[in-house]
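Read through the structure below, which is laid out as structure tokens, and then see the notes.
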Amino acid sequence: MESSSPVAAAAPAPAGAAPPTIVLEVFRYLPDSEDAPRYERFTVPYRHDWVVLDALNHIKDRLDESLAFRWSCRMGVCGSCGMMVNGAPVLTCGAFLRDYLPGPVRVEPLTHFPVSRDLIINMEDFIHKMEAARTWLIPKEPRRLEEGEYRQTPAQLAQYKQFTLCINCMCCYAACPVYGLDSTFVGPAALALGQRYNLDSRDGGQAERAEVLQSDHGVWHCTFVGDCSRACPKGVDPAGAIQMGKVQGTVEYMKALLLPGRRARAQG
Amino acid sequence: MARSNEPIVWSLFAAGGMVAALFLPVTVVLIGFAVPLGWLDAERLWEVVHHPLGRIFLFVLIALSLFHAGHRLRFTLVDMGLRGASHALAGLFYGAATLGSLLAAWLLLT
Amino acid sequence: MAKDWIRPMPRAWWLTRRTWRVFMLRELTSAFVAAYAAFLLLLLLRAREAGDPASTVWTGFVECLSSPWSLAFHGAVLAMALLHTATWFVAAPKALRLFRGEEPVPERIVVGAHFAAWFGASLLVAWLVLG
Ligand code: FES
């Protein structure tokens, strides 16, 4: 809210003065008993150090135990508490109520995903996308245990390090209109993690991953809206990873065009 | 899933985006404002347009701008709801860009 | 087995978030880029038709450039072309990630280099033409 909100203007209260309560408008969908979703208003105590997740837990503990939502770590690490708060995808364990004063605060499940119940989305499609993009290390040269670890210089690590910070919270999918319009799009996090392994000096899975990353549903589906990178709570830049993927894919494509046989060899 | 052929049109889009970003504003200023202001007269503009460098400049600017814009408009319309017509839009926009480029080549290089 | 609830995107989805409106404006600069390419083709057609710089076809066309219609058209194209330039350069470091050893080159340096190149190129073209 602007600092010129009527509350602040009318009452120049000491710092820390705050309303005793705040209203949450929570998206409810109870498929067993109701045909359609609705919004339910809950009035919860306002605490300066409360995040939206604290308010949801207060509702579940004191007001309505049927409210369903996911969370685990409460510290921005597990990636399970992503929801729409006032229309923006955020981790609710990092979204302070004080940033949404005076309320009401609208809490909805992440957009662009089917809703299973209340604030819980069906993440099956996301899991499939992660598998399709092969978001794990495919060693360039398999080594036996006694041969020791895979070595890597700090400069090689720097190439992909920021993309390792992804916690799979799916906020970027809820931010991405391209995924919302057409869920055949592989989507930001899976493409960024695919790129993360492609950039890893120990990895040799580029050709295998390209079947998905460089398909019409991969990087080429992206129109670079860029909201994935703005939404990411961990500062990962999926939009950047995807643009890099386009550039590298183009270079590979042109090489294969100009030097026929190269691609066949590369794919073994 | 098959690898996409999108790199062909995307590289034209990207090259066109860069050329338009670098050279379109100055071109618009020179033709649209320097001429009315009298800094550039009809004869000088004629010379510039027929100078070998001017011809190459205009050909590259026109052809790549057309491919840049065609690619972007195709995806914009797809995103705005014409997903079903994606192939038709590709044919329309890349076809128009190709025709425009051929016309520019004929006008400038012959 | 309970049914999942699907929330389709509204038809005018791109109006619903500020960043999406900005995105759409960025994409629509391309319509003006295309319009200007078409205008340049018209200019070349007129030149071919005229065949000579003294021909009234050419001098008439050049006179038209001072008309309010032309000024409005060029004003609109210039505004959108500048928006294209700015958004294009700001996006450039996304595709072009440079490293100096372990340190990524800051994005603002890559963006700044693009603007500097743009400034230099514009001056060069203007100097060559106006000479
Ligand atoms: S609860 Fe783990 S990220 Fe929010």
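Of B:Phe23, B:Trp39, B:Ala96, which is farthest along the charge dipole of the range B:7-109 in the positive direction, counting Lys and Arg as +1 and Asp and Glu as -1 at C-beta?
Among B:Phe23, B:Trp39, B:Ala96, the one farthest towards the positive end of the dipole of the range B:7-109 is B:Ala96.
For A:Asp99 paired with C:Phe115, estimate the spin-label separation in nm (one decimal), with each label point 7 Å from Cα along the Cα-to-Cβ line.
Result: 2.7 nm between the two label points.
Quote the FRET efficiency, to the nearest 0.05, computed for C:Arg7 versus C:Ala35 with a Förster distance R0 of 30 Å and r equal to the Cβ-Cβ distance.
Once the sixth-power term is evaluated, E becomes 0.20.
Please report, in debye to the nearest 20, how large the charge dipole of chain A is about its Cα centre when each Lys and Arg carries +1 at its beta carbon and each Asp and Glu carries -1 there.
My answer is approximately 900 debye.
Please sort by residue number the GluC sites (Glu not before Pro) in the range C:54-125 whose DSSP state is loop and whose Cβ has at most 15 other Cβ atoms within 10 Å.
Values: sites: C:Glu63, C:Glu102, C:Glu107; in loops: C:Glu102.
Here the GluC sites (Glu not before Pro) that fit, given the DSSP loop and packing criteria, are C:Glu102.
Using the number of other C-beta atoms within 10 angstrom as an exposure proxy, rank C:Trp127, C:Trp118 with the fewest first.
Neighbour counts put them in this order, fewest first: C:Trp127, C:Trp118.
For A:Asn86 paired with B:Trp39, estimate the spin-label separation in nm (one decimal), with each label point 7 Å from Cα along the Cα-to-Cβ line.
Result for the modelled spin labels: 4.6 nm.
Only loop residues by DSSP count here, and only those with at most 15 other Cβ atoms within 10 Å; note down the GluC sites (Glu not before Pro) in the range A:106-149 that meet that.
Filter output for the range A:106-149: A:Glu149.
What shape does the range A:38-104 have by the C-alpha gyration tensor, where a ≥ b ≥ c are the square roots of the eigenvalues, rounded means a/c under 1.5, and otherwise prolate means a/b greater than b/c and oblate the rest?
Working: a/c = 1.37, a/b = 1.12, b/c = 1.23.
Note, shape of the range A:38-104 comes out rounded.
Enter the per residue convex hull volume of the protein assembly as shown, computed from alpha-carbon coordinates, in Å³ rounded to the nearest integer.
Measuring per residue, one finds 215 Å³ for the Cα hull of the protein assembly as shown.
Exactly which GluC sites (Glu not before Pro) in the range A:34-110 are in a DSSP loop and have at most 15 other Cβ atoms within 10 Å?
A:Glu34, A:Glu65
Scale the Cα Rg of the range A:124-267 by the rule-of-thumb value 2.2 N^0.38 Å and send over the ratio, two decimals.
1.07
Let a ≥ b ≥ c be the square roots of the eigenvalues of the Cα gyration tensor of chain C; is it rounded (a/c under 1.5), or, if not, prolate (a/b larger than b/c) or oblate?
oblate
Pick out, from A:Val115, A:Thr21, A:Ile167, the residue whose Cα sits farthest towards the positive end of the charge dipole of chain A, with +1 on the Cβ of Lys and Arg and -1 on the Cβ of Asp and Glu.
Of A:Val115, A:Thr21, A:Ile167, it is A:Ile167.
Charges on Cβ only, +1 for Lys and Arg, -1 for Asp and Glu, centred on the Cα centroid of chain C; of C:Met80, C:Cys64, C:Ala38, which one is farthest towards the dipole's positive end?
Comparing the listed Cα positions along the dipole, C:Met80 ranks first.
Give me the dipole magnitude in Debye, nearest 20, for the protein assembly as shown about the Cα centre, with unit charges on the beta carbon: positive for Lys and Arg, negative for Asp and Glu.
Numbers: 47 positive and 43 negative charges, 110 e Å.
Approximately 520 debye in magnitude.
Got a sec? How would A:Cys172, A:Cys78, A:Cys232 order by Cβ neighbour count within 10 Å, fewest to most?
With the sparsest Cβ surroundings first, the list reads A:Cys78, A:Cys232, A:Cys172.
Can you compute the charge dipole magnitude of the range A:45-87 about its Cα centre, using +1 on each Lys and Arg Cβ and -1 on each Asp and Glu Cβ, nothing else charged? Give it in debye, rounded to the nearest 20.
With only Lys, Arg, Asp and Glu charged at Cβ, the dipole is about 80 debye.
On alpha carbon coordinates alone, what is the Rg over Rh value for chain B, Rh being the Kirkwood radius?
Values: Rg = 16.7 Å, Rh = 15.5 Å.
Result for chain B is an Rg/Rh of 1.08.
Just so you know, all these numbers are worked out from the coordinates, no wet-lab data involved. Everything numeric here is computed off the predicted structure, so don't read it as measured data. Note: ideal-geometry Cβ built from the backbone for every residue, glycine included; neighbour counts use all protein chains shown.
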